[in-house]
Structure formats: structure tokens, C-alpha cells
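The values are calculated or read from the model by the stated rules, or taken from the named source; none is laboratory data. Predicted model only: the values in this text are computed from it and were never measured. Neighbour counts run over all protein chains shown; Cβ positions are idealised from the backbone, glycine included.
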Amino acid sequence: MLRSIELTVRNDLADLPAIHDAWERFGAEQQVPASVVVDLQVVLDEVASNIIKYAWPEGGSHNFMIRLAVCDGAVEVEVIDDGRPYDPREAPAPVQAAPGSRPPPGGRGIHLVRQLVDRFDYERTGAENRVRLTKRFA
Amino acid sequence: MTTSGLKIAQGRSGAVCVVTLTGRIDNSNAKDVIAELDALIGSGEKNILLDLAGVLYLTSAAFRALLVATDQAERNEARLALCSVTGHVRDLFEMGGLLDSFTILGSRDEALARLS
């Protein structure tokens with residue numbers, strides 16, 4: 001049986017805690033293992049914050065949608081926005097530090113996402129970016 | 001726990017200022033961590049220990065905050081070290097390729113013994 005929830009999110013970082021709370025509640029209800037709930041908290045934070053920060057460079061107020069579904073031992077995450085075309089899978093790998101120095105501060109978000117999910121798909125349909133992520137737990 | 005999901009507490013052990021983070025560190029609240037550390041370093045603290053024992057998870061925004069603060073500490077001839085980096089939080093540091101980018105000192109007691 002597929003169970004899902006849909007969240008409408010504003011392009012405002014202040015909306016992130018509501019995503020985390022909704023997923024924590026839904027994941028627990030669906031008996032998703034705690035470690036998987038946490039992994040997807042990180043994933044949701046990275047993907048949603050990228051959209052909030054970069055999808056609408058012209059600014060203004062926008063919404064995007066997150067759908068979370070649990071089915072057959074896997075969590076499916078779909079994130080749909082109507083911002084500028086952007087395939088997050090193309091994000092460059094983080095810059096490595098030179099020996100004896102620290103790496104530059106940014107650019108690690110999508111690198112984490114790649115390691116935390118089993119599938120990472122993207123398509124541009126019409127005016128929308130659709131990111132689909134799958135995390136298996138059974 | 002605040003509404004942002006992160007609690008920041010400050011204490012002192014001898015010459016070491018201990019900052020205890022509890023909850024989640026993500027894109028909604030990493031700026032609070034930067035502000036706290038920025039203020040401490042700016043006020044002249046030379047030994048800062050960040051205890052992550054109560055952190056449920058952190059995201060790239062936290063790494064960014066910690067890298068910025070570590071650079072700032074260095075410019076001010078201060079030391080910023082981390083302790084209680086274990087379990088899933090440690091895994092995330094490893095995924096970020098950052099275990100070697102910080103001074104990570106085991107438990108709080110071990111860290112205080114090293115820093116004092």
C-alpha cells in the first residue's frame with residue numbers, strides 16, 4: 001500500500017523546519033527506520049534549500065511542492081519547482097583541500113545527497129524541474 | 001529545544017569555552033551557529049570547544065558554518081576544536097570528506113584534557 005503526503009513550501013528558508021517536522025512525523029507513522037528518517041532529513045534540507053536559494057534568481061515569492069511516499073520498503077521523494085531549469089545531478093564534486101589546508105566552505109550539499117539515496121533522477125517537464133529520489137530500507 | 005530545532009548553550013571549563021549544540025543543524029539555523037562562534041571569537045576567546053554529542057544530524061550548511069568559523073578562529077589566533085563526533089554525525093563528516101578538516105578530539109573529557 002502506498003501512503004504519501006504532499007507539502008507546499010515557500011521559497012523561504014524559514015519553511016525548512018516545517019518540512020523536517022512533517023517528514024519526521026510521517027516517517028515514524030510509516031515505521032521507517034530512524035536512521036533512514038535522519039538520512040532523508042539531510043537530503044530534504046539540501047534539495048529544498050538549493051531550490052529556495054537558486055531556483056528563482058529574479059526573487060519574488062514562489063512555492064514548490066514536495067511529495068513523500070512510502071511503498072514496499074522504500075521512500076520516494078519527489079520535488080517539483082517551476083524555477084529556472086536545473087539538474088542537481090550536474091552539481092560539481094566538492095573542491096578538495098590542498099595538503100595541509102582546509103577545503104572551501106561551500107558546495108557539499110548535493111555530494112551528500114548522492115551518497116544518502118539509492119536513486120537520484122531528474123527531468124524537466126514543461127516549465128517544471130522534477131527531482132525524484134529513492135531510498136530503500138528493506 | 002527552540003522552534004528552529006537547535007539549542008546552543010555556552011559554558012566554561014578553565015580556559016576553555018565550551019559550546020554545546022543540541023538538535024539539528026541545517027540550512028534554517030546554521031547562521032545561528034556562525035553568529036555564536038563569530039561573537040565568541042570576536043570577543044577574544046582563544047580556546048573554543050564545540051560539543052556535538054546532542055546533535056541528531058547536520059547538513060552541508062553546518063559544514064559551511066564550521067569551516068568559516070575555523071578559518072576565522074585561525075585568523076584570530078584562537079583554537080576551535082570539536083568533540084563527541086560519533087555515530088551518524090561522524091558518518092556525515094566522512095561523507096562530506098571533512099574528518100581531516102577539523103580538530104576532532106574524542107569525548108568532552110578527552111578534549112578538555114587536551115585543551116587545558
Task: Residue count for segment A:86-133, restricted to those that are loosely packed, with under 15 Cβ neighbours inside 10 Å, among the hydroxyl-bearing types (Ser, Thr, Tyr) and within 30 Å of A:ALA69 (Cβ to Cβ) - done: 1
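Filter segment B:83-101 for residues that are in contact with a strand residue (DSSP E or B) (Cβ under 7 Å, 6 or more places away or on another chain), under 21 Å from A:GLY109 (Cβ atoms) and at pLDDT 95 or above and give the result.
Matches in segment B:83-101: B:VAL85, B:VAL89, B:LEU92.
Of the residues A:VAL37, A:VAL47, A:VAL32, which is touching a Pro at 6+ places or on another chain (Cβ under 8 Å), more than 9 Å from every other protein chain (Cβ to nearest Cβ) and at negative phi?
Of the residues listed, the single one that is touching a Pro at 6+ places or on another chain (Cβ under 8 Å), more than 9 Å from every other protein chain (Cβ to nearest Cβ) and at negative phi is A:VAL47.
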Task: Scope segment B:66-90; condition among the aliphatic types (A, V, I, L, M), more than 11 Å from chain A (Cβ to nearest Cβ) and under 24 Å from A:LEU116 (Cβ atoms); matching residues - done: B:LEU82, B:VAL85
Open item on the list: Tally up the residues in segment A:53-112 that are touching a His at 6+ places or on another chain (Cβ under 8 Å) and either closer than 30 Å to A:GLN30 by Cβ or in contact (Cβ under 8 Å) with a residue 60 or more places away in the chain (or both), please.
Closed with: 5
Open item on the list: Condition check: within 13 Å of chain A (Cβ to nearest Cβ), in contact (Cβ under 8 Å) with a residue 24 or more places away in the chain and under 14 Å from the mean Cα position of the chain (by Cα). Does B:VAL19 satisfy that?
Closed with: no
TODO: Look at A:ARG67 and say whether it is in contact with a strand residue (DSSP E or B) (Cβ under 7 Å, 6 or more places away or on another chain), closer than 23 Å to A:ARG10 by Cβ and at pLDDT 95 or above.
DONE: yes
- [ ] Could you tell me which numbered condition B:SER101 fails, if it satisfies all but one of (1) surrounded by fewer than 21 Cβ atoms within 10 Å (Cβ to Cβ); (2) assigned to a strand (DSSP E or B)?
- [x] (2)
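Go over the candidates B:PHE93, B:PHE63 one by one and state the one that is at the interface with another protein chain (Cβ under 9 Å from one of its Cβ atoms) and under 27 Å from A:LEU40 (Cα atoms).
Every option except B:PHE63 fails the conditions.
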Open item on the list: Pairs please, first residue from segment A:116-138 and of a type in the set (Asp, Glu), second anywhere and not in a strand (DSSP E or B), Cβ atoms under 7 Å, 6+ apart in sequence or on different chains.
Closed with: A:GLU128/A:ASP82
